[in-house]
Each structure stands twice: as C-alpha cells, then as structure tokens.
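The block underneath contains the structure these notes are about, expressed in structure tokens.
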Amino acid sequence: MIEVRDVYKRYHGPFGGDWVLKGVDFTIPKNTSVGIVGRNGAGKSTLLRLIGGMDAPDKGKITHHCRVSWPIGLGGGFQGSMTGRQNVKFVARIHGGNSRIPELIQKVQDFAEIGKAFDQPVKTYSSGMRSRLAFGLSLAFDFDVYLSDEATAVGDKAFKEKATKAFHDRVGQASIIMVSHQEGMLKDLCQAGVLLEKGNATWFDNIHDAIKQYHESLGK
C-alpha cells in the first residue's frame, strides 16, 4: 500500500513558480496497478518522482508500505562520470545485491541492449540509452511496485515489444504505477486510475473511468 497525503509540489524559477500539485491525496491499495493520466504538464512525471523518492514534496507526505522502484523511463539518478556497468554495481550495493552483482550486471546488459556503451560513461548516452539502462536495472530487482514513465515508448519496435512483455510478466507478481499516452497499455495493465488536472488528483477504482473523464476534461 502507498499513501499520498495532502501533497503539494512546485518548482521555483527566477519568476517564482505555480503549484504543480495541490493537496493531492489518495491511497493505492496493495496489488493494484494504477494508470496516471492528464494533460501534458499536469504533473504526472512529478508525481511519479515523488512516489519513487527521487524528489520530495514541499508539503504533505508519501508513505510506502512496500518496496518501490525508481521511475523506469526517466533515466535519472545515474552518476554521469561512471559507466553503465559501474552504475549497476553501485545500485546493487545500495539495494543489498552484493552477492548477485555478476548476475545483475549480466541481466541489465542483456536487457538494455546498448552494446559497447555499457562500458562508457553514462554522460555520453542518449536519453534513449539512459532509459534502456534504467529499465533493465529496475527489472533486475524484485520490487513490490514498479514505476513506469513512458518506459515502453523507448527504443525501436523490437525493444518496445520486449519492454511491454516485461511488464506483462510482472503482472500478478508485482504492481505497476504507470504514466503512458498509450491508452491500450493502461487498460491492459492497470485496474485503477488517477486523473491529474490543474494540480488536483481524482482517484478512480476503474482505469476506464479515469480515461473517460480525462477525455471529457480535454473538451472543457
């Protein structure tokens, strides 16, 4: 279970900043996969980063009662001067995978399919390569909840199919919180939905209702 309680978030620029999220409040039940929908700029990726612990709310609190991955697809959090291989080793040590480092490295290398770049500094990677590495690294660990930010939109057709299959394989073993413009994917993998609109969040027990309400909001 994940509890999001009265969460506020804004980013401060030279001219101030509006609230991206304002009083967002909902609970994600155990074993429930959730699709997050909303217009561009509605705060979907921001919410995912907050849930994953990559950023902190300005107000409010997010409580995990489970193991949550970092957002797959964002490709953030890597040490740019380190190679892909070194980053995998680093993350494995943090998550207590010392005894499995060779196995984890092989898993990530096979899944990411970035060839010789695996042994080059991550700062030289394209955004797609960083996302592939993040995807493979997340799936190498057993989390209760996987966070996905347009992860299946990365790469060529073969990699997209591979990524989609990886999520299907996780269903039943773990939950997914997913941001995606592929509505078919959301309907296929998620049960519930969250609609973000003007900084506010509305919870729907049924993903189809969330998507329907999102389309209705576009006409306003």
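Mind checking which residues of the stretch 25-81 are of a type in the set (A, V, I, L, M), part of a loop (DSSP other than H, G, I, E, B) and within 26 Å of LYS160 (Cα to Cα)? Of everything in the stretch 25-81, those that are of a type in the set (A, V, I, L, M), part of a loop (DSSP other than H, G, I, E, B) and within 26 Å of LYS160 (Cα to Cα) turn out to be ALA42, MET54, LEU74.
Within the stretch 29-41, the set of residues being more than 14 Å from THR202 (Cβ to Cβ) and in contact with a strand residue (DSSP E or B) (Cβ under 7 Å, 6 or more places away or on another chain) comprises ASN31, THR32, SER33.
Applying a threshold of 6 Å to beta carbon distances and a minimum spacing of six or more residues, or different chains, the list of pairs starting in the stretch 202-219 at a residue that is farther than 17 Å from GLY41 by Cα and ending at one that is buried (at least 17 other Cβ atoms within 10 Å of the Cβ) and aromatic (Phe, Trp, Tyr) reads ALA210/PHE204.
Just so you know, in the stretch 168-179 the residues that are over 11 Å from VAL34 (Cβ atoms) and in contact with a strand residue (DSSP E or B) (Cβ under 7 Å, 6 or more places away or on another chain) include one that is modelled with the highest pLDDT, and it is ALA174. Annotation note: of GLY23, GLY80, the sole residue that is of a type outside the set (A, V, I, L, M), in contact with a Lys or Arg (Cβ under 7 Å, 6 or more places away or on another chain) and in contact (Cβ under 8 Å) with a residue 40 or more places away in the chain is GLY80.
Before we move on, is VAL37 crowded, with 22+ Cβ neighbours inside 10 Å, hydrophobic (A, V, I, L, M, F, W, C) and over 22 Å from TYR8 (Cα atoms)? Against the criterion (crowded, with 22+ Cβ neighbours inside 10 Å, hydrophobic (A, V, I, L, M, F, W, C) and over 22 Å from TYR8 (Cα atoms)), VAL37 does not qualify. Based on this model, can you work out whether ASP55 counts as modelled with pLDDT of 85 or more, within 26 Å of LEU21 (Cα to Cα) and in contact with a helix residue (DSSP H, G or I) (Cβ under 6 Å, 6 or more places away or on another chain)? Judged against the criteria, ASP55 is a match.
Can you find a residue in the stretch 84-106 that is modelled with pLDDT of 95 or more, under 27 Å from ALA174 (Cα atoms), surrounded by 16 or more Cβ atoms within 10 Å (Cβ to Cβ) and in contact with a Gly (Cβ under 7 Å, 6 or more places away or on another chain)? Checking the stretch 84-106: not a single residue is modelled with pLDDT of 95 or more, under 27 Å from ALA174 (Cα atoms), surrounded by 16 or more Cβ atoms within 10 Å (Cβ to Cβ) and in contact with a Gly (Cβ under 7 Å, 6 or more places away or on another chain).
Taking the options PHE111, PHE143, PHE135, name whichever one is hydrophobic (A, V, I, L, M, F, W, C), part of a helix (DSSP H, G or I), surrounded by 13 or more Cβ atoms within 10 Å (Cβ to Cβ) and touching a strand residue (DSSP E or B) at 6+ places or on another chain (Cβ under 8 Å). It is PHE135.
Among the residues examined, GLU183 qualifies as closer than 11 Å to VAL37 by Cβ, surrounded by fewer than 18 Cβ atoms within 10 Å (Cβ to Cβ) and acidic (Asp, Glu).
Among the residues of the stretch 45-57, is any buried (at least 18 other Cβ atoms within 10 Å of the Cβ), hydrophobic (A, V, I, L, M, F, W, C) and more than 13 Å from the chain's Cα centre (by Cα)? Taking every residue of the stretch 45-57 in turn, none turns out to be buried (at least 18 other Cβ atoms within 10 Å of the Cβ), hydrophobic (A, V, I, L, M, F, W, C) and more than 13 Å from the chain's Cα centre (by Cα).
Within the stretch 120-132, the set of residues being surrounded by fewer than 16 Cβ atoms within 10 Å (Cβ to Cβ) and modelled with pLDDT under 85 comprises SER127, GLY128.
The values are calculated or read from the model by the stated rules, or taken from the named source; none is laboratory data. Everything quoted here is computed from the prediction, not taken from an experiment. Positions of Cβ are backbone-derived with ideal geometry, glycine not excepted, and every protein chain shown enters the neighbour counts.
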